[in-house]
Structures are given as C-alpha cells and as structure tokens.
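So the structure is just underneath, and the comments pick up after that.
The values are calculated or read from the model by the stated rules, or taken from the named source; none is laboratory data. Just so we're clear, the structure is a prediction, and the values are computed from it rather than from any experiment. Heads up, the Cβs are rebuilt from the backbone with ideal geometry, glycines too, and the neighbour counts pull from every protein chain shown. For accessibility, only protein heavy atoms count, side chains too; no ligands or nucleic acids. Shrake-Rupley method; radii C 1.70, N 1.55, O 1.52, S 1.80 Å.
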Amino acid sequence: MEFSLEQHIVRHLKNGDKQAINLLYENYADALYGVIKKVISDDDLAQDVLQETLIKVWKKGKSYNPDKAKLFTWLYRIAYNSAIDKIRSVNNKSNKEIQIEDSNVYKLTTSSLNEDVLDIKKHLNTLDLKYQVVINALFFEGMTQQEASEELDIPLGTIKSRLKIALRELKKIYNP
C-alpha cells in the first residue's frame, strides 16, 4: 500500500516521530513562511513565527483530524493564527510602555486600598479548581487568554467560558 506524502507526514505526527518535523519543514516551510509574511513584514519575526508554528504543529500533531481538514489547511490555520497572535503580542508590549511621570503607583495610600479585595486569593480557593487555574493564569500570572489556552492545553472558548463563570461566582462573594 502506497502512502501519499501527506499521509506519510500525518502518520509520523500521530506517532510522535521526530521525522515529521523534518518532513514538514522540507515540504511546507516555504508555503507557511509565505502565509506568515502576508501578516508580518519583518523577516526575523516571521522566521520566529515559522519556528513557533512548527513547534505548535508538533505538539498538536496527535490531535490532527484528516476528516476535518487537509494537512495544509490545518498547517495554514496554525501559521496564520500564530502570525496574528505575534502581531497582537508585539503591539500590546509596545502599547504598555510605562510612563513614570504619569503613574500614580507611588501616590497610593492605604486608605485607597479596598481591604475586601486583598483576600481574593482566599475567596478564589472557594471556586472549583478548573476556575482557579484559569483565574490564576490570567490575573496572577499575567497571561493572555490565548497564552493560557496554549499553556494549559485548554481550548480558547473553554478558557473564556471558565473566566466568565469564575468572575460571576466571585461577584456573588463580593456583591451578595
């Protein structure tokens, strides 16, 4: 039985075989780089995104379903979304430059602190663990929803739903 190149790569991905990365790079890197370059003009940044894309493909390889999309379509989506995420990340970082002169951090007095909020970690422990993990990643570790989705290996929609539910539950505690 003769396998197509796509079937060959998919088999290696599903088996966690490292040869899959080499085959992906040899056969798809140029096309994926082209996809990324449509979003990101900077060559070095585009190369970084290509590497990140191949890592994501490798990590998610076992979840690829050929019945849902052709391999290139799946790769295209990962590359395109990675490029968009990178642009957003770069823009967010440049927009968050600290302006010390305009900062009121040093003007805070203890009377302006809401003591009810200081015990948020205690109240957070009353939530189900799945909600605690999401709140912790987003608010205490400073991750974006996309980063939390990737780091926790939870779909982005589930991250958003859990955040909404967790905030609703915390609101019941703070505003009964």
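How about region 60-81: which of its residues are among the hydrophobic types (A, V, I, L, M, F, W, C) and closer than 20 Å to residue 39 by Cβ?
Going residue by residue through region 60-81, those that are among the hydrophobic types (A, V, I, L, M, F, W, C) are 69, 71-72, 74-75, 78-79.
Once the filter is applied, which keeps residues that are among the hydrophobic types (A, V, I, L, M, F, W, C) and closer than 20 Å to residue 39 by Cβ, region 60-81 yields 69, 72, 74, 75, 78, 79.
Among the residues of region 27-50, those identified as open to solvent by 60 Å² or more (accessible area, probe 1.4 Å), within 17 Å of residue 72 (Cβ to Cβ) and touching a helix residue (DSSP H, G or I) at 6+ places or on another chain (Cβ under 9 Å) are 27, 37, 38.
Kindly check whether there is at least one residue in region 59-70 that is open to solvent by 30 Å² or more (accessible area, probe 1.4 Å) and of a type in the set (Gly, Ala, Ser). There is at least one residue in region 59-70 that is open to solvent by 30 Å² or more (accessible area, probe 1.4 Å) and of a type in the set (Gly, Ala, Ser). Cβ contacts < 6 Å: first residue more than 17 Å from residue 63 (Cα to Cα), restricted to region 4-26; second residue of a type in the set (Gly, Ala, Ser) and exposed (fewer than 14 other Cβ atoms within 10 Å of the Cβ), any location; separation 6+ or different chain. Result? If the second residue must be of a type in the set (Gly, Ala, Ser) and exposed (fewer than 14 other Cβ atoms within 10 Å of the Cβ), no pairs are left.
For region 19-26, state whether one or more residues are within 28 Å of residue 89 (Cβ to Cβ), touching a Leu at 6+ places or on another chain (Cβ under 7 Å) and open to solvent by 90 Å² or more (accessible area, probe 1.4 Å). Looking through region 19-26, at least one residue is within 28 Å of residue 89 (Cβ to Cβ), touching a Leu at 6+ places or on another chain (Cβ under 7 Å) and open to solvent by 90 Å² or more (accessible area, probe 1.4 Å). Candidates in region 124-149 are the residues that are farther than 28 Å from residue 93 by Cβ and open to solvent by 40 Å² or more (accessible area, probe 1.4 Å); of these, the one that is farthest from the chain's Cα centre (by Cα) is 126. Pairing residues of region 49-72 that are of a type in the set (Gly, Ala, Ser) with residues that are open to solvent by less than 10 Å² (accessible area, probe 1.4 Å), at Cβ distances under 9 Å and at least 6 apart in sequence or on separate chains, gives 61/13; 61/20.
Is it true that some residue in region 10-27 is closer than 26 Å to residue 144 by Cβ and in a helix (DSSP H, G or I)? Within region 10-27, not a single residue is closer than 26 Å to residue 144 by Cβ and in a helix (DSSP H, G or I).
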